[in-house]
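A.B. asks: Submitted below is the structure of interest, expressed as structure tokens.
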Amino acid sequence: KLPSDSISILGNHDIMIRDTDNLPSPLPEYYPVILQNRAELSFKGIDWLNSLNPSKVLNLLNYKLKLFHGTPDNPINGRFYPDNDNQYDWFPKENELVLMGHTHYPLAFQCLSGGWIINPGSVGQPRKKGAKPSFCIIDLDDFKVEFVEFSYDVQSAIAELESVNWYPRAIESLKRSISN
């Protein structure tokens, strides 16, 4: 159970689980997993997904935090990778942070405009080869971004997912995280 002061936003898979009338065409190859997730979620879980929005803005201390699964110009499916050299009009200004996660690549990038773009990485599907699952801790008092990597029994997780015929690309993503 999440603590009562947790903040959650809607992601691309979440939206397909909850919005059965608004599906992409063609359906993604992992759609059977979406159906399985929907079948296994309780009514309370579906209600919780229905309560989520694709973005959230918070004011904490002297900072404005803008949370997105994707990017500000595409909150659900937008992608910003660590090697991106482009400048966008949505880049955060001084004392602003844009937090996003869709690409699953850890990133703390200070923009020329003075703000920061932060991606915590991914606990369940790290994308970078050899990367461990990660999240980040942001200390706004001293402005520090700390990436925390950890290990768990990935082989057992892979075996469990394979035993239920889980989405092969998700399994391959986990296998990449343990290869060197």
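A.B. asks: Plugging the Kirkwood radius over Cα pairs into Stokes-Einstein for the range 138-180, at a temperature of 4 °C and a viscosity of 1.567 mPa s, what D comes out in µm²/s?
C.D. replies: D = 104 µm²/s.
A.B. asks: If you wrap the range 35-122's Cα atoms in a convex hull and average its projection over all directions, what's the area in nm²?
C.D. replies: Averaging across all directions leaves 6.9 nm² for the Cα convex hull.
A.B. asks: Give the Debye-formula value of log10 I(q)/I(0) at each listed q (0.09, 0.13, 0.18 Å⁻¹), with one equal scatterer per alpha carbon of the chain, two decimals each.
C.D. replies: For the chain, the Cα-only Debye profile gives -0.36, -0.77, -1.38.
A.B. asks: What nm distance separates the two modelled labels at residue 165 and residue 7, each placed 7 Å from Cα along Cα→Cβ?
C.D. replies: 4.2 nm
A.B. asks: Sticking with this structure for a sec: Which value results when the Cα radius of gyration for the range 101-180 is divided by 2.2 N^0.38 Å?
C.D. replies: Details: Rg = 14.9 Å, N = 80, 2.2 N^0.38 = 11.6 Å.
Normalised Rg, Cα atoms only: 1.28.
A.B. asks: Still on this structure, please answer the following. Roll a 1.4 angstrom probe over the protein heavy atoms and tell me the percent of accessible area of the range 103-143 that is carbon or sulfur.
C.D. replies: For the range 103-143, the apolar C and S fraction of the accessible surface comes to 53 percent.
A.B. asks: So what is the accessible area of the chain per residue, in Å², with the probe set to 1.4 Å?
C.D. replies: Computed with neighbouring chains in place, this is 61 Å² per residue.
A.B. asks: Report the Stokes-Einstein translational diffusion coefficient (µm² s⁻¹, integer) for the range 94-143, Rh taken as the Kirkwood radius over Cα pairs, at 25 °C with viscosity 0.890 mPa s. Before the final figure, lay out each step's value.
C.D. replies: On the way: Rh = 11.6 Å.
Rounded to a whole number, D works out at 212 µm²/s.
The values are calculated or read from the model by the stated rules, or taken from the named source; none is laboratory data. Treat the numbers as computed from the prediction; the structure is a model and nothing was measured. Every residue, glycine among them, receives a Cβ derived from its backbone with ideal geometry; neighbour counts consider all protein chains shown. To get the accessible areas, we keep the full protein, side chains included, count just its heavy atoms, and leave off ligands, DNA and RNA. Shrake-Rupley method; radii C 1.70, N 1.55, O 1.52, S 1.80 Å.
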